[in-house]
Structures are given as structure tokens and as C-alpha cells.
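Notes follow once the structure below has been shown.
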Amino acid sequence: MHQEQTILHTLTNTPVQCQVTVIFDGERTLFELSSDGKALVDAAIDAGVDAPWSCHAGVCCTCKAKVLEGQVHMKHRYGLLDEEIEQGYILTCQSHPTSETLVVDYDV
């Protein structure tokens, strides 16, 4: 599947319960997140990750991370170039999971 389609996959009417793994500072943190729940960065912070963020508007790219496995929907992506999206990068302040498993790496 083409990477851009994977990352910009649209939300379905039925919420997906996702098993999320976040990699930050070499540590893996696992938690569950619903596709209609909080943004990925907020859920990661709630799970104890010291995830970077600033604007919560999809502009500053402070929360940029890379999807290693799974799919997300980004509401806005003003701060990312098309090439970055094709490489798997997302803005976690704008991202919600659309797959049952998601692995996101802040360290790349």
C-alpha cells in the first residue's frame, strides 16, 4: 500500500480501539487509544511519555514522529511537506489511529 494512503486513511463511522506503542528516548510505552479519542500526543502524555508538543494546531512540527506500523488520520498537516508524509511522518497533535495496531517513533 502506498505510504501516503496509509497515513492519511480516513476515519470510519465505527471507532477503532488501537494498541499504540510510542518510542521516545529509546523507551517503548504501550497504551490503548480509540480512533474517536484524544490526539495521539495527548494520549501519549497521559500514558507517561514526555512527548514533545507546542501549538496543537499542526503548524510548528514540534510533535513530529514517524509511523513504523499502522495507520492514522491527521486532521491538519500544515507543518509537513508532502515528501515527509510519503516517508511516514505525522504530526501527533493532529493524529488519531485508524488501525488496531500503531507504532510511532519520536526518535527518528
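Just so it is clear, none of the values below were taken in a lab; they were calculated from the coordinates. Predicted, not measured: the structure shown is a model, and the values here were computed from it. For neighbour counting, all protein chains shown are included, and Cβ atoms are generated from backbone atoms with ideal geometry for every residue, glycine included.
Tabulated data for the structure shown
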{"item": "Potential lengthening between residue 103 and residue 69 on full extension [0.36 nm per residue; Cα-Cα distance subtracted]", "result": "11.7 nm"}
{"item": "Where labels lie 7 Å past Cα in the beta-carbon direction, separation of residue 38 and residue 81 in nm", "result": "3.3"}
{"item": "Simple Cβ-charge dipole of region 3-105, Lys/Arg +1 and Asp/Glu -1, about Cα centre, in debye nearest 20", "result": "220"}
{"item": "Principal axis dimensions, largest first and in whole angstrom, of the chain by Cα", "result": "30, 30, 23"}
{"item": "Where labels lie 7 Å past Cα in the beta-carbon direction, separation of residue 46 and residue 13 in nm", "result": "2.6"}
{"item": "Proximal aspartates and glutamates to residue 38, defined as alpha-carbon separation beneath 17 angstrom and excluding residues fewer than eight positions away on the same chain", "result": "46, 50, 100"}
{"item": "3J(HN,Hα) from dihedral phi, region 58-68, Karplus parametrisation 6.51/-1.76/1.60, rounded to Hz, x for glycine, proline", "result": "x, 10, 7, 6, 4, 8, 4, 8, 10, 7, 9"}
